[in-house]
1. For the stretch 292-320, give me the residue count where each residue is in a helix (DSSP H, G or I) and out of contact with any His (no Cβ under 8 Å at 6 or more places or on another chain).
2. Residue check: is residue 513 modelled with pLDDT of 50 or more, assigned by the TED database to the domain that holds residue 547 and crowded, with 21+ Cβ neighbours inside 10 Å?
3. Within the stretch 368-377, identify whether any single residue is more than 30 Å from residue 636 (Cβ to Cβ) and touching a residue at least 12 places away in the same chain (Cβ under 8 Å), and answer yes or no.
4. Has the stretch 78-85 got at least one residue that is surrounded by fewer than 18 Cβ atoms within 10 Å (Cβ to Cβ) and over 41 Å from the mean Cα position of the chain (by Cα)?
5. Here is a list: 134, 119, 101, 96. Which entry is in contact with a helix residue (DSSP H, G or I) (Cβ under 9 Å, 6 or more places away or on another chain), exposed (fewer than 15 other Cβ atoms within 10 Å of the Cβ), without any contact (Cβ under 8 Å) to a residue 60 or more places away in the chain and not hydroxyl-bearing (Ser, Thr, Tyr)?
6. Which pairs have Cβ atoms under 8 Å, sit 6 or more apart or on different chains, and link a residue in the stretch 422-448 that is under 19 Å from residue 410 (Cα atoms) to one that is open to solvent by 20 Å² or more (accessible area, probe 1.4 Å) and small (Gly, Ala, Ser)?
7. Among (1) open to solvent by less than 40 Å² (accessible area, probe 1.4 Å); (2) under 28 Å from residue 443 (Cβ atoms); (3) modelled with pLDDT under 90; (4) in contact with a helix residue (DSSP H, G or I) (Cβ under 6 Å, 6 or more places away or on another chain), which single condition is residue 618 missing?
Amino acid sequence: LELLGPISMNHGVHFMAAIAFVWNERRENTCAMRNKVIPVPGTEQLLLVELVRSISVMRAETVMQTVKEVLKQPPASTKEKLPLEVCMLQFFYAYVQRISVQNLVDSWPSLLTLLKDSVQLYLPPPAQFLILGVLNEFIMKNPNLENKKDQRDLQDITHKIVEAIGTIAGSSLEQTTWLRRNLEVKASPQILVEGSNMERDVEDIMLTPVVETASITPSVYSVHALTLLAEVLAHLLDMVFHSDEKEKVIPLLVNIMCYVVPYLRNHSAHNSPSYRACVQLVSSLSGYQYTRRAWKKEAFDLFMDPNVFHMDASCVSHWRAIIDHLMTHDKTTFRDLMTRVAVAQSSSLNLFASREAELEQRAMLLKRLAFAIFSSEVDQYQKYLPDIQERLVESLRLPQVPTLHAQVFLFFRVLLLRMSPRHLTSLWPTMITELVQVFLLIEQELTADEDISRTAGPSVSGLETTFLGGNGFSTSYNNQRWLGLYLSACKFLDLALTLPSENLPQFQMYRWAFIPEVSDDSGLEVRRQGTHQREFKPYVVRLAKLLRKRAKKNPEDDNSGRTLAWEPGHLLLTVYSVRSIEQLLPFFNVLSQFFSNKILSKFSGSSGSPVRHTNSFSNKDMKTENQKTFWSKARQKIEEVLEKDFLEGVIKT
């Protein structure tokens, strides 16, 4: 330290440049401790920070002034993979993180000069990311400056730095017309941020023989810029601009949204890294009400895009936050959505237009309404429930429309999770009736293989199985759309059986029609009023029996050997599509056999209880607090499964 003191005083720029050079040499090769954009320093690199902090003459102000000089005129050095300016700022970022708040505040004039000069130097994008990181670190440590001029300077430099990062974020876009808003995503690969680090990503591109270093454009950094903005922008602006100055933020955010929206319109696979970062950015901004003017119109337009649900599963939670904030703070937006659904349903199907396209439009709008309610708090839209019920009933009146009816069952599941039981009383007859109709359809398809009469003959249950809501039985019921409806109906039953009985008191009156009270697979016979009758068989028992018969005839589709594990509070059906009706056999098997003593003793440790979720275990074996925690976690997992049911055209695992 005695040696380095005079050197740092007399040759400060070269000393700091040497620190930056060694910083780069001491980089750890493992990426386990890397941040998404700004790398976390290694142990040996942190020794350099402590070394500089220990030199008595190198006060924080001196370090800042010297770093500024290095950035302006970096001394020549050799064999460095990264520009010296980037290494210098990586060191400085770690240094700012580790000095005291008082030191940082006292050095504000020097830091401001460093930030201003850095913006004008057109540094490489990774260096600009670090400048934003340094600014963010300062604001986190000292959100309020006493001097009004200092506060204005802070706001001005924040505006400039964010704009610079925004420009990098938009560098993977290209203009299709002379209008600025007509930006589109370039058809080129984008660097992934997750699981790696920016330095190595960009190095790999730069070291590829086909690509010369001179041809590297800022577009290789666009995902990193978007990711960094998503992580820090919303909170940063909220801290820098006080309550009476929030209006100043809007023009800046409008400019940023001009870069963000084109990425969110593009649902191609190569754009997915940018899409993820952008939806996270809008989600973080939506949490601050004063920002709504900058994004609400664009967000609603994107939500109404036919392809909005073509996204990665990790993006759904961000969309839920966006829609929740959008609808909660602007009631007219939700009413507008309700009106669109009503108008679409009231318009008669045009014989000269594509009937299928119009029905798809109705299904699309119903799905978005369901998603809006799913994104809300419990009972938030309770007053709209009569109108919602009318929309659902109207959708069910159209016969032979499996796509639309599948969305209705998805809507039913949302309502079970977002409305209190007392508000759903009037809807239960409709839900049960439609569930019965779908199970009759499945039964009808399965019995058709055995040449049982479709209209006059009795089914295996002794009940009539004519589908009253359509134009008769169709042999196309096994196509993908009908399978989607079957799966959606089964998922509704699965959810109704999984939730605690006190949450669904009305369903308990109908449950006997679907699942057995005791093991009923053999068909018990009883004497009633002197006549010999067969006891009623619940639907899952009948369907399980028919599916087992069908599976034996088609060994290649035999799913009878597959089993589904059941746990309290967990859904049985977590698949998102089925290729054949036989894939539902394990689900029906579990439900039809669950109430035998064997299954009960295996899963709940009790016997004879007719309740699938066995409230006995929760009352006797769990305290009230534990029970609340258990069902809170269970609901969270249930909602994660339901989230993915909104997705389209992507791998959902």
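The values are calculated or read from the model by the stated rules, or taken from the named source; none is laboratory data. Fair warning: this is a prediction, and the values are worked out from it, not measured in the lab. Glycine also receives a Cβ, built like all others from the backbone with ideal geometry; neighbour counts cover every protein chain displayed. We work out accessible area using only protein heavy atoms, side chains counted, and drop any ligands, DNA or RNA first. Shrake-Rupley method; radii C 1.70, N 1.55, O 1.52, S 1.80 Å.
1. Qualifying residue count for the region: 19.
2. no
3. Taking every residue of the stretch 368-377 in turn, none turns out to be more than 30 Å from residue 636 (Cβ to Cβ) and touching a residue at least 12 places away in the same chain (Cβ under 8 Å).
4. Looking for residues that are surrounded by fewer than 18 Cβ atoms within 10 Å (Cβ to Cβ) and over 41 Å from the mean Cα position of the chain (by Cα), one finds at least one in the stretch 78-85, hence yes.
5. Result: 101 is the single residue among 134, 119, 101, 96 that is in contact with a helix residue (DSSP H, G or I) (Cβ under 9 Å, 6 or more places away or on another chain), exposed (fewer than 15 other Cβ atoms within 10 Å of the Cβ), without any contact (Cβ under 8 Å) to a residue 60 or more places away in the chain and not hydroxyl-bearing (Ser, Thr, Tyr).
6. 437/469
7. (2)
Results for (1) open to solvent by less than 50 Å² (accessible area, probe 1.4 Å); (2) at pLDDT 95 or above; (3) in the same structural domain as residue 364 (by the TED database); (4) not small (Gly, Ala, Ser), shown as yes or no for each residue.
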{"position": "267", "(1), (2), (3), (4)": "no, no, no, yes"}
{"position": "273", "(1), (2), (3), (4)": "yes, no, no, yes"}
{"position": "284", "(1), (2), (3), (4)": "yes, yes, no, no"}
{"position": "303", "(1), (2), (3), (4)": "yes, yes, no, yes"}
{"position": "319", "(1), (2), (3), (4)": "yes, yes, no, yes"}
{"position": "322", "(1), (2), (3), (4)": "yes, yes, no, yes"}
